[in-house]
Amino acid sequence: MTAERNAASTPSHSEQPTAPYLEAVAAYGLRGSTRFHVPGHKGGGGADPGLRSALGHAALLLDVPQDIDGIDIGPSPTPYERAERLAADAYGASRCWFLTNGASQGNHALCLALAGDGRHVLVQRNSHASVIDGLVLAGGLPRFVAPEYDPELGMAHGVTPQALEQALAQGEPCTAAFIVSPTYYGMAADIAGCAEVAHRAGVPLVVDSAWGAHFGFHASLPASPLELGADVMLASTHKIVGSLTQSAMLLVGHTERVDIGAISRAVRLVRSTSPSALLMASLDAARRQLAVHGELLLDRTIRAAARAREAIERIPGCAIVGEQLVGRPGIAGWDPLRIVIDVRGTGLLGYQVAAALRASYDIHLELATHATVVLVLGIGQPVEPLDRVAHDLAESLKRIAPAAGLAGPPAGHSVLSEPPTSPGSEPAIAPRAAFLGASEAVPVQAAVGRISTESIAGYPPGVPTLLPGELVTAEVVDYLRALVAAGARLHGAADPSFRTLRVLA
Ligand SMILES: Cc1ncc(COP(=O)(O)O)c(C=O)c1O
């Protein structure tokens, strides 16, 4: 892998229908070479027969290691280099790195590259846990900026440019701004506005677009963050675009605000020396499908989703949350590949509705909260299940509503209120110091006034209430207890029942 920009010899658009890495791996995997190299299953011949039957022989033949001549070594550009360059080109980026440990790996690498020891960085409060983990690795100091919050639905949206500007103007200068767009619910932030504000403050804008790898590939979708002025974006390609689970991309725009060499070094540091060829080949293939057929596939999915939304809206008690929110603070666009259903009118909790769909129709959803259920679609979503989902939902509701004995909005809406956080926009000590320090588990009441070594976010609403290095307050403890009592899950808590909390010893 070279440290230069992939665009040094930009491939022409006519190369997008090729998938050079996939093709090279398949050619080597299937040609019957004698393998005196790892992995030890030797293309499946030495594998457990059960694994061979489960995965199929072809998957094992293609499970090849790094450093195979004609795949990722040999005359440059190798098929691997060409594949990353094609991905960069498809996104209008100057550089792409294939990631084999998800967008999580991307956040770790970006923190190492942009938020090293003692540097201050601006971080959206409800960033993915991997950003805080990245700061633990890197030693950077977060200054948090709150997302807009909808207490009715218990839903966090994006940050506004105004909030970003204010946070950047406080305290020590920041070296980068990390924001998230779109949200888990498909709401996109005003990236152009945020980029303008960040650039005025002299910092690069990093957009975690884990959920937006398809943005920019259809007129009904928001543009991609790079197109809107972001310097760096992460795409969790597996989530919606259809590469294999755990594969993702880190993309840098045509910008001088970040050091490509530093990012390259950091990506290498948090990557195995044996990255999976299957994952990387799936990224190459997913890029090809998105660049070549994405518009058409997305068109079909978007139309089918619109039909499903209309039918769901007709179900008593169900309301679609989506396009009508665009224009509210923190929401500049939305993703039609998410179907978010507000089920409060049914008198049921989102968890109950999700369980009923599972029990009656073996339908599994991406997310259920108190107020909502969320369906995530893929770019080439099979249409038939989408066309029947409203029927299945209506039937499931008929079956459980009488049994649940509920009428009107369900109890437990206190959990939808905005989570309190530790006072101030910066933790009391660096997340790294808290994470690495000696810690002890104490009863939660005794934790008040101590420094948390844990990261805890309640679902809903998915906004971290406590992060490593933050002071534990009585308000935070009361809130998290109320969440557990109302049936919400505490992500990241060492004790999910929240009887004890780990604090610095
Ligand atoms: C905003 C955001 N960033 C990053 C990640 C991590 O992505 P991955 O699972 O690909 O590591 C997620 C996962 O859900 C996410 O929601």
What do you get for GluC sites (Glu not before Pro) in the stretch 103-170 restricted to DSSP loop and a cutoff of at most 13 other Cβ within 10 Å of the site's Cβ? Glu152
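Taking the mean number of other Cβ atoms within 10 Å as a proxy for protection, how do you rank 16-22, 358-364, 45-51 from highest to lowest? Don't skip to the end; give the middle numbers.
Details: 16-22: 20.6, 358-364: 13.1, 45-51: 11.4.
Descending packing order for the listed peptides: 16-22, 358-364, 45-51.
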Amide H neighbours of Ser243 at under 5 Å, excluding residues fewer than 5 places away on the same chain, with H built from the backbone geometry, are His238
Fewest-first sequence of Tyr80, Tyr184 by Cβ atoms within 10 Å of each Cβ: Tyr184, Tyr80
Scoring only Lys, Arg, Asp and Glu (+1, +1, -1, -1) among other residues with Cβ under 11 Å from the Cβ of Gly424 yields -1
Largest-first principal axis extents of the Cα set of the stretch 305-404 (Å): 40, 29, 21
Residue exposure sequence - Ser247, Ser396, Ser14 - by fewest surrounding Cβ within 10 Å: Ser14, Ser396, Ser247
Could you pull out the trypsin sites (Lys or Arg not before Pro) across the stretch 261-332 that fall in loop regions by DSSP (anything but H, G, I, E, B) with no more than 12 other Cβ atoms inside 10 Å? Arg314
Once phi is turned into ³J(HN,Hα) by the Karplus curve 6.51 cos²θ - 1.76 cosθ + 1.60 with θ = phi - 60°, what whole-Hz value does each residue of the stretch 255-270 show in order, with x for glycine and proline? 9, 9, 7, 10, 9, 4, x, 5, 5, 4, 4, 5, 4, 5, 5, 9
Summing +1 for each Lys or Arg and -1 for each Asp or Glu, what net charge is found among the other residues whose Cβ lies under 15 Å from the Cβ of Leu501? -2
Cα centroids of the stretch 86-117 and the stretch 428-490: how far apart, whole angstrom? 29 Å
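Looking at the calculated P(r) for the stretch 198-279, what percent of the C-alpha pair distances fall above 22 Å?
Values: 1094 of 3321 pairs.
Here the tail beyond 22 Å accounts for 33 percent of pairs.
Which GluC sites (Glu not before Pro) from the stretch 175-270 combine a DSSP loop assignment with at most 15 other Cβ atoms within 10 Å? Don't skip to the end; give the middle numbers.
On the way: sites: Glu196, Glu227, Glu256; in loops: Glu227, Glu256.
The qualifying sites are Glu256.
With each run of n ≥ 4 DSSP H residues scored as -39500 (n - 2.57), what mean residue ellipticity at 222 nm is computed for the chain after dividing by its residue count and rounding to the nearest 500 deg cm²/dmol?
Details: 15 runs with 180 residues, N = 505.
About -11000 deg cm²/dmol.
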Mind listing P(r) for the chain? All alpha-carbon pairs, 20 Å bins, whole percents. 22, 53, 25, 0
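If you add up the charges near Ala156, with Lys and Arg at +1 and Asp and Glu at -1, over every other residue whose beta carbon is less than 11 angstrom from its beta carbon, what do you get? Numbers along the way, then the final one.
Working: positive: Arg125; negative: Glu148, Asp150, Glu418.
For residues surrounding Ala156, the net value is -2.
Here, each number is a calculation from the coordinates, and none is a lab measurement. Keep in mind the model is a prediction, meaning the values are calculated, not measured. All Cβ positions, glycine included, derive from the backbone under ideal geometry; neighbour counts span all protein chains shown.
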